[in-house]
Amino acid sequence: MNDSFEKKILKNIGRIPTEQIREVLLNEYSQRNFFEKIIEAIPTAFIVIDTKTNIEYANPSGLRLLGRTQKKIKGINIFSIDFDSALKAIIQNAVCESEKIINHELTIQTPSVSIVSISCFPFLHSGHISGYILTIQNITDAVNDKLRKYHKDSIESLAYLTAGVAHEIKNPLGALDLHIQLVRRFIEKKDIPDLPELNDLLTVIEEEIRRLERIVNDFLFSVRPIKPNLRRENIHEVIKDAAEFAEVELQQKNITLDLNLCAEPAELRIDRDYFRQAMINIIQNAAYAIDGYREDGKIEIATEIQNEKIAVIISDNGRGISKENMGKVFEPFFSTKEIGTGLGLTIVYKIIHEQHGDIIIDSEENKGTVFRIEFPSLSRQVKLLENSGQKTTEKEEKRN
Ligand SMILES: Nc1ncnc2c1ncn2[C@@H]1O[C@H](COP(=O)(O)OP(=O)(O)OP(=O)(O)O)[C@@H](O)[C@H]1O
Ligand SMILES: [Mg+2]
């Protein structure tokens, strides 16, 4: 009901038949009910405060954000409630700026860490500011999607630019290696007094060639399309295999590795070798994050099977990843290690995504890191693979 219509009704109320008033009120009630339901249903937190910053209204999402129930909210000053301080500061600023519309994006604790977009704008009544409307929308998923797309795009554009160059490096490297062998044979036949020293120098060159070869091969792997050899596997077996491979290194570093694999087999269509490689890369990173940082180093690999998903969770109690670096770890050549090439996780990302999985990291500096790899269940995975053209033949199906 608009203002002038309201005034007209009130002015003439004595002359309006009761039935007509009833109809207008019913109509008004159902309209209000309709809008209230919409505001209550939206996932955006919606909070209205008056000019003294006392709360007038909060929808269920708003109440959740403030950690309150409807009954206890009206009239309470918003700043007397204990919620995220950065969010409070923005609201305070919005109230001070009074007539301006404030828009911000920030990371808050709600209680888990979320990225939110907050808007605060005044609402007017009879030409005066009678309060403020706050809307707070959780945009964590959208931001993460953007980040994932950014990784994908950055990997793809790098691929086109540099794969050709990397390929060209392989040939001279091969030639260098061959010629070192020829030099070795040549000098062995000569009577050279400093032969051992010369051999040591050649060994250094050989090692550096190996290192370069590894970088070039890793790089080409991470940027070129791969053709996984998909078979039905119980990934528990592959995890055990990767753990066994890493065992010696972990023992040397005094790190305990716990496997908490669920009792039922976790069957997926994967390329065994690629998946094993991904697991090894993650374990090696975890070991590096612990080595020299703490004595009671621990890595745990667990699996979870839910209706539609199979998850592998690798956690360590190492030094963790700083907030600043969290978005960069999958980028090619990002490394905080002196000897790292920064391709380990780029490869992991590629392997997991090529097999319709997803990988999420959660890390806290000085506490540790959790890598969560999720695959759709076998039946869903087969459908996805078929849709993407990776159809499995009946023959192959039987073989597995
Ligand atoms: N479990 C972890 N704990 C702490 N930091 C990690 C962990 N895993 C990865 N990182 C960080 O991510 C960076 C990138 O890892 P990535 O495996 O891609 O490269 P790298 O280990 O540095 O080199 P390499 O190519 O030899 O694997 C690491 O340098 C490290 O800073
Ligand atoms: Mg690594």
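The values are calculated or read from the model by the stated rules, or taken from the named source; none is laboratory data. Everything numeric in this text was worked out from a predicted model, so none of it was measured. Note that each Cβ is placed from the backbone with ideal geometry, even for glycine, and that neighbours are counted across all protein chains shown.
Table for the structure above
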{"quantity": "Candidate set from region 298-355 (those that are polar (S, T, N, Q) and within 15 Å of ligand 2 (Cβ to nearest atom)); member that is farthest from residue 154 (Cα to Cα)", "calculated": "336"}
{"quantity": "Filter pass, residue 300 being within 13 Å of ligand 1 (Cβ to nearest atom), within 19 Å of the chain's Cα centre (by Cα) and modelled with pLDDT of 90 or more", "calculated": "no"}
{"quantity": "Qualifying residue in region 44-52 (condition: of a type in the set (D, E, K, R), closer than 30 Å to residue 114 by Cα and exposed (fewer than 12 other Cβ atoms within 10 Å of the Cβ))", "calculated": "yes"}
{"quantity": "Residue, nearest to residue 45 (Cα to Cα), within region 120-148, restricted to residues that are surrounded by 14 or more Cβ atoms within 10 Å (Cβ to Cβ) and of a type in the set (A, V, I, L, M)", "calculated": "136"}
{"quantity": "Identity of the residue in region 283-297, closer than 16 Å to residue 339 by Cα and either surrounded by fewer than 22 Cβ atoms within 10 Å (Cβ to Cβ) or under 19 Å from the mean Cα position of the chain (by Cα) (or both), that ends up farthest from ligand 1 (Cβ to nearest atom)", "calculated": "292"}
{"quantity": "Cross-chain or 6+ apart pairs with Cβ under 7 Å, region 310-339 first and closer than 24 Å to residue 259 by Cβ, then of a type in the set (Phe, Trp, Tyr) and surrounded by fewer than 16 Cβ atoms within 10 Å (Cβ to Cβ)", "calculated": "318/293; 319/293"}
{"quantity": "Listing of strands (runs of 3 or more DSSP E) fully contained in region 256-337 that carry 3 or more residues being more than 20 Å from residue 228 (Cβ to Cβ)", "calculated": "256-260, 298-306, 309-316"}
{"quantity": "Residues (small (Gly, Ala, Ser) and more than 9 Å from ligand 1 (Cβ to nearest atom)) located in region 316-350", "calculated": "327"}
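Yes or no, residue by residue, for (1) closer than 19 Å to residue 138 by Cα; (2) part of a loop (DSSP other than H, G, I, E, B); (3) not assigned by TED's automatic domain parsing to the domain that holds residue 131:
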site	(1), (2), (3)
20	no, no, no
40	yes, no, no
43	yes, yes, no
57	no, no, no
61	yes, no, no
74	no, yes, no
107	yes, no, no
